[in-house]
1. Specify which of the listed residues (G170, G190, G238, G195) is at pLDDT below 95 and touching a strand residue (DSSP E or B) at 6+ places or on another chain (Cβ under 7 Å).
2. Can you report the number of residues in the range 165-220 which are out of contact with any Asp or Glu (no Cβ under 9 Å at 6 or more places or on another chain), acidic (D, E) and outside any loop (DSSP other than H, G, I, E, B)?
3. Filter the range 68-81 down to the residues that are under 19 Å from the mean Cα position of the chain (by Cα) and of a type in the set (G, A, S), then identify the one that is modelled with the lowest pLDDT.
4. What are the residues in the range 101-115 that are in a helix (DSSP H, G or I) and not charged (D, E, K, R), if any?
5. Please go through the range 397-407 and pick out each residue that is touching a strand residue (DSSP E or B) at 6+ places or on another chain (Cβ under 9 Å) and surrounded by fewer than 24 Cβ atoms within 10 Å (Cβ to Cβ).
6. Do you know which residues across the range 350-376 are touching a residue at least 40 places away in the same chain (Cβ under 8 Å) and under 16 Å from S131 (Cβ atoms)?
Amino acid sequence: MTDARFEPSGPLRGSLRPPSDKSISHRAALIAAMGEGETDIEGYLEAADTRSTLNAMRALGAKVSGHVTISASLDPPGSWSTRAKTIEGVGLRRACPSPIDVGNAGTLLRLLPGWLAGQPRGAWTLDGDDSIRRRPVDRIAVPLRQMGADLSAREDRLPPLEVRGAPLRGITYEMPIASAQIKSCLLFAGLLAEGETRIVEPLPSRDHSERMLAAAGADVRREDDAVVIRPAERLEPGRIVVPADISSAAFFIIAALLVERSEVVLEEVNVNPTRTGLLTILERMGAAVEREGEREEGGEPIADLRVRPASLQATEVGGAEIPLAIDELPLVALAACFAEGRTVIRDAEELRRKESDRIETVTAALRALGGKIEPTADGMVIEGTGGLRGGAIESHGDHRIAMLGAVAGLASKEGVEVQGMDAAAVSYPGFESDLSRLLNR
């Protein structure tokens, strides 16, 4: 593990394009591999998790090619995106039997079984690192088995996950919680099932899979609170454009809000309404994140985001907002430490199933830095004190906790040492370099 220290800083100034969207990159590679012919993916994220997905597609028989565009801000040289990634798909029903190493990619672990479960033949074992082996798969296994899937897992809920191809049938499944990963897994299975598959969501979740599948020719539609898909003979994605990731942009948004005299423009950020819960929450807290040049690219709405410091007020976060901001809730908790009043985050039990138990790891981290925060069964309660003292935190191998610590250090009184900062490479290999760029270092 690599440790890093982040001292209180001067203002963040300038503009940059954050890394490409991780969620969309995963889905783009999967749908391209399911497709016929070649699919060009522009802006595919090059990071540890998304490399795991590309390697998995190669193992399944897809051909992957492309060149990397180096970000000028990275030192030593590296990249968080590519401008020309081409995947020649194997087709919906011709995935090659092979062991699959998902690394630390929870999205891959939960989406891929939907496709593999409906294969006419073959068997696959999905396994990964120590963190992945603690992430439950029962919430995809239960509905997939209802569709006829042949699955087995350690203790019937943990990886390694074994998937054997079997005939599937469409079902109506009422999801107990809103989860784009579970929904996407069942949509992929529905492409291969007999009859119609209907997935009823308790609350709307990110809809990247539906948008991409529809563009590739799938019969998928929204009906009230349900997503409905019918079997497909083939997919032809053709071209997919991946915008900048609002979850990665979020770290710079919070930094610019908390560090005095900052002004940052984040370019080409995905502002899909199913992903902008953080912006809604921050606006309610008193922040003014301006959207400039709103447009559509590759079926997704994007905009440039201009961020300046703001005096923040406490708020309550729960219900329908949670799936729209699930990955950004740790940063909401950080911002709440600087706000006036008590902030309550509830209905977020899903945080316990991320790369770490983020309710516990966020609580421990912010307490270590002087924050007043208490965990609850499904969230956190934060008493705003106007700032943080500083100190040291452990990332627990969680990329978002590592980057949260960096942002906290910039806005703290004494600085923050992040133990295990290298975890950031899972989604943002160039984070520290891009941060230094905005600090004009």
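1. Among G170, G190, G238, G195, only G238 is at pLDDT below 95 and touching a strand residue (DSSP E or B) at 6+ places or on another chain (Cβ under 7 Å).
2. Qualifying residue count, the range 165-220: 2.
3. Filtering first and then ranking leaves S79.
4. Residues of the range 101-115 in a helix (DSSP H, G or I): 106-115.
The answer is G106, T107, L108, L109, L111, L112, P113, G114, W115.
5. In the first step, residues of the range 397-407 are kept if they are touching a strand residue (DSSP E or B) at 6+ places or on another chain (Cβ under 9 Å); the result is 401-407.
Within the range 397-407, A406 is the sole residue that qualifies.
6. Scanning the range 350-376 gives R353, K354, E355, S356, R358, T361.
This table checks each residue for (1) within 17 Å of the chain's Cα centre (by Cα); (2) touching a residue at least 40 places away in the same chain (Cβ under 8 Å); (3) surrounded by fewer than 24 Cβ atoms within 10 Å (Cβ to Cβ).
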residue	(1), (2), (3)
A4	no, yes, yes
K22	yes, yes, no
A28	yes, yes, no
M34	no, yes, no
E38	no, yes, yes
D49	yes, yes, yes
N55	no, yes, yes
A59	no, yes, yes
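For (1) buried (at least 22 other Cβ atoms within 10 Å of the Cβ); (2) over 21 Å from G106 (Cβ atoms), each residue gets a yes or a no:
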| residue | (1), (2) |
| --- | --- |
| E340 | no, yes |
| A348 | yes, no |
| L351 | yes, no |
| K354 | no, no |
| V362 | yes, no |
| A377 | no, yes |
| L388 | yes, yes |
| E394 | no, no |
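The values are calculated or read from the model by the stated rules, or taken from the named source; none is laboratory data. Since the structure is predicted, the reported quantities are computational estimates derived from the model, not experimental observations. Positions of Cβ are backbone-derived with ideal geometry, glycine not excepted, and every protein chain shown enters the neighbour counts.
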